[in-house]
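Notes follow the structure.
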Amino acid sequence: MSKVILITGASSGIGEAIARHLASLGHHVVLGARRLERLQTLVEELQAQGQHASCRALDVSQLHDMQAFVEHAEAHHGPIDVIINNAGVMPLSPLNALKVDEWNRMIDVNVRGVLHGIAAVLPGMEERGRGQVINIASIGAHAVSPTAAVYCATKYAVWAISEGLRQESERIRVTTICPGVVESELADSISDASAREAMQAFRRIAITPDAIARAVAYAVEQPDDVDVSELIVRPTASPY
């Protein structure tokens, strides 16, 4: 059955792969990110293939922007069946580098962004008695590594928020997906030289974003009484 699915952070990497895969399965995907031109290019490509896609510029750190994104989707496609809170940033650094602005940016996008997505769709889902929230966390929600203390803290928070929402609702499905090392642009935001060097070594073994897209599709396609609560998807050869 075709569903109306919102995807944040859809302009590249995991978000783009999720959009492509779900659209290919016949779902109506509504894409949000700050880079509107990239979204528009992706939407045009999907539409040229006969798939259903639209987009809107989105800053997940702003609640009013997220609410407008949801309202746009509902006006054009109808009630929201699934939201995929995928937007995230990862400017790693040692704590003693004191990159406080980068810490705050991770909290704003990785934590507040997820909360804003939930806040924007939850009332409608509860009123209809159905819906699904999929939050993209990280292997960092399960293990902390040097230079990643704040990033891992935000992903622990995503895990906790997801688990709390799951326990609070008997009718809304909640899924946390924790990718291991995945090819993406996330590492491009690392300004600290030592963290950037460590991440290059860390990413020698990686899987493509399509692996995460397939995991998302698996969770989405389950019947309403089946909740895929958590999936960890990592490279076979990776110890992380």
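If you check Val182, Val158, which single one turns out to be at pLDDT below 95 and hydrophobic (A, V, I, L, M, F, W, C)?
Val182
Residue pairs, Cβ under 7 Å, 6 or more apart or interchain, first in the range 160-171 and within 11 Å of Asn135 (Cα to Cα), second open to solvent by 50 Å² or more (accessible area, probe 1.4 Å). List them.
If the second residue must be open to solvent by 50 Å² or more (accessible area, probe 1.4 Å), the pairs left are Ile161/Leu115.
When only residues in the range 104-114 that are hydrophobic (A, V, I, L, M, F, W, C) and crowded, with 19+ Cβ neighbours inside 10 Å count, which is nearest to the chain's Cα centre (by Cα)?
Checked the range 104-114; the qualifying residue nearest to the chain's Cα centre (by Cα) is Val114.
With the checklist (1) of a type in the set (S, T, N, Q); (2) within 19 Å of the chain's Cα centre (by Cα); (3) under 14 Å from Val82 (Cα atoms) in hand, flag the one item Ser54 doesn't pass.
Here Ser54 clears every test but (3).
Scan (1) open to solvent by less than 30 Å² (accessible area, probe 1.4 Å); (2) farther than 20 Å from Glu221 by Cβ; (3) not in a helix (DSSP H, G or I) for the single condition Val174 breaks and write down its number.
Failing condition for Val174: (2).
Do you know which residues across the range 79-89 are buried (at least 21 other Cβ atoms within 10 Å of the Cβ) and either among the aromatic types (Phe, Trp, Tyr) or over 22 Å from Gly13 (Cα atoms) (or both)?
Within the range 79-89, Ile80, Asp81 meet the criteria.
What is the number of the single condition among (1) open to solvent by 70 Å² or more (accessible area, probe 1.4 Å); (2) within 23 Å of Ile18 (Cβ to Cβ) that Gly117 does not meet?
Gly117 satisfies all of (1) open to solvent by 70 Å² or more (accessible area, probe 1.4 Å); (2) within 23 Å of Ile18 (Cβ to Cβ) except (1).
Could you list, in sequence order, the residues of the range 142-168 that are part of a helix (DSSP H, G or I) and under 18 Å from Asn104 (Cα atoms)?
Ala149, Val150, Tyr151, Cys152, Ala153, Thr154, Lys155, Tyr156, Ala157, Val158
Go through the range 38-52 and give me each residue that's open to solvent by less than 90 Å² (accessible area, probe 1.4 Å), in a helix (DSSP H, G or I) and either at positive phi or of a type outside the set (A, V, I, L, M, F, W, C) (or both).
Answer for the range 38-52, where residues must be open to solvent by less than 90 Å² (accessible area, probe 1.4 Å), in a helix (DSSP H, G or I) and either at positive phi or of a type outside the set (A, V, I, L, M, F, W, C) (or both): Gln40, Thr41, Glu45.
Does His27 fit the bill of being at pLDDT below 95 and within 20 Å of Gly124 (Cα to Cα)?
Here the answer is no, as His27 does not meet what is asked.
Under 6 Å between Cβ atoms, which residue pairs at least 6 apart in sequence (or on different chains) link something in the range 90-117 that is farther than 29 Å from Leu165 by Cα with a partner that is open to solvent by less than 20 Å² (accessible area, probe 1.4 Å)?
Ser93/Ala195; Lys99/Ser93
All but one of (1) over 23 Å from Leu22 (Cβ atoms); (2) over 17 Å from the mean Cα position of the chain (by Cα); (3) open to solvent by 30 Å² or more (accessible area, probe 1.4 Å) hold for Leu92; which doesn't?
(3)
Could you check the range 120-149 and list, in sequence order, the residues that are without any contact (Cβ under 8 Å) to a residue 60 or more places away in the chain, closer than 21 Å to Phe69 by Cα and buried (at least 16 other Cβ atoms within 10 Å of the Cβ)?
Ala120, Leu122, Met125, Gly131, Val133, Asn135
Condition check: among the hydroxyl-bearing types (Ser, Thr, Tyr), at pLDDT below 95 and part of a loop (DSSP other than H, G, I, E, B). Does Ser93 satisfy that?
In short, yes.
Return the residues of the range 1-28 that are closer than 17 Å to Pro209 by Cα, among the β-branched types (Val, Ile, Thr) and not in a helix (DSSP H, G or I); say none if nothing qualifies.
Ile7, Thr8
So, in the range 33-69, how many residues would count as being within 13 Å of His116 (Cα to Cα) and either among the aliphatic types (A, V, I, L, M) or touching a Gly at 6+ places or on another chain (Cβ under 8 Å) (or both)?
Result for the range 33-69: 7.
The values are calculated or read from the model by the stated rules, or taken from the named source; none is laboratory data. A quick note: this is a predicted structure, and the numbers were derived from the prediction, not measured. Neighbour counts are summed over all protein chains in view; Cβ atoms, including those assigned to glycine, are modelled from backbone coordinates with ideal geometry. In case anyone asks, the SASA skips ligands and DNA or RNA and just uses the protein heavy atoms, side chains included. Shrake-Rupley method; radii C 1.70, N 1.55, O 1.52, S 1.80 Å.
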